[in-house]
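First comes the structure, then the notes that go with it.
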Amino acid sequence: MDRQEALEIVKEKLKPKRYEHTIRVMDTAVSLAKYYGVNEKKIELAAILHDYAKYRSPDEMRRWVIKEKLPQDILEYNDELLHGPVGSKMIEHELGVKDGLIQNAIYYHTTGKRNMTLFEKIIFIADYIEPGRQFPGVEAVREVVYKDIHEACYMAATNTILFLMEMEQPIYPDTFQLYNERYIKGGK
Ligand code: DGI
Ligand code: FE
Ligand code: FE
């Protein structure tokens, strides 16, 4: 699937604001891919499709979690967590995009996880730092990302955990695993 086709598909699936976010994630991710020597075309497609499932109903996403035998514990957390794992399956079944690199990056783009590949980290962090984001602490992450993308991901995980705790929201263990990686077993 080429860039133009993918953009047309997501334009129809996403609200205008989310589509603009997607374009910014794409630009950010492609620039990181260039810098870190990762396949730019693949990163571009992963970025364009990363929020593909974002506006499906929770009911539909829950059915996909069951049908595709995704980890059932995600059903107990915030519905926001579903669009990554479910999106990774939907792009294969609905669009014919069957590519493990792309699918895994989409799968983990919201929570992160331990031992992410560089490809996964680029999508995860591009989603976090794209120029439209205004999270507290995001500027410091932008400053680090071209020096040390691993550190940037740990910072993003830390900020997200602090934010979710402040909001008294549950936190999915994969996000803690990413956070912990910075301190244990020379994780990078
Ligand atoms: O889809 P986007 O809005 O572009 O961004 P995203 O996929 O990172 O989703 C962010 C939402 O996910 C945000 O509202 C916080 C929420 N969320 C809920 N539980 C968790 C979580 N994010 C992480 N990292 N870990 C959680 O446990
Ligand atoms: Fe997302
Ligand atoms: Fe996103």
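Every read-out reported here was derived from the displayed coordinates using simple, explicitly stated rules and does not represent laboratory data. The model shown is predicted, which means the values in this text are computed figures rather than measured ones. Using ideal geometry, Cβ is built from the backbone for each residue, glycine included, and neighbour counts are taken over all protein chains shown.
Here are the numbers for the structure shown:
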item: Cα→Cβ-extended label distance, 7 Å offset, between Gln72 and Asp148, nm; result: 4.1
item: Förster radius 41 Å - calculated FRET efficiency between Ile23 and Arg63 (Cβ-Cβ, nearest 0.05); result: 0.85
item: Fully extended contour minus Cα-Cα distance, from Asn180 to Lys42, at 0.36 nm per residue; result: 46.8 nm
item: Cα gyration tensor shape for the range 12-159, rounded if a/c is under 1.5, else prolate or oblate; result: prolate
item: Sequence of His93, His150 once ranked by neighbouring C-beta atoms within 10 Å, starting from the fewest; result: His93, His150
item: Which of Phe176, Phe124 has the fewest Cβ neighbours within 10 Å, and the rest in rising order; result: Phe176, Phe124
item: Spin-label pair Glu139/Glu168, simplified geometry with 7 Å Cα→Cβ offset, distance in nm; result: 3.1
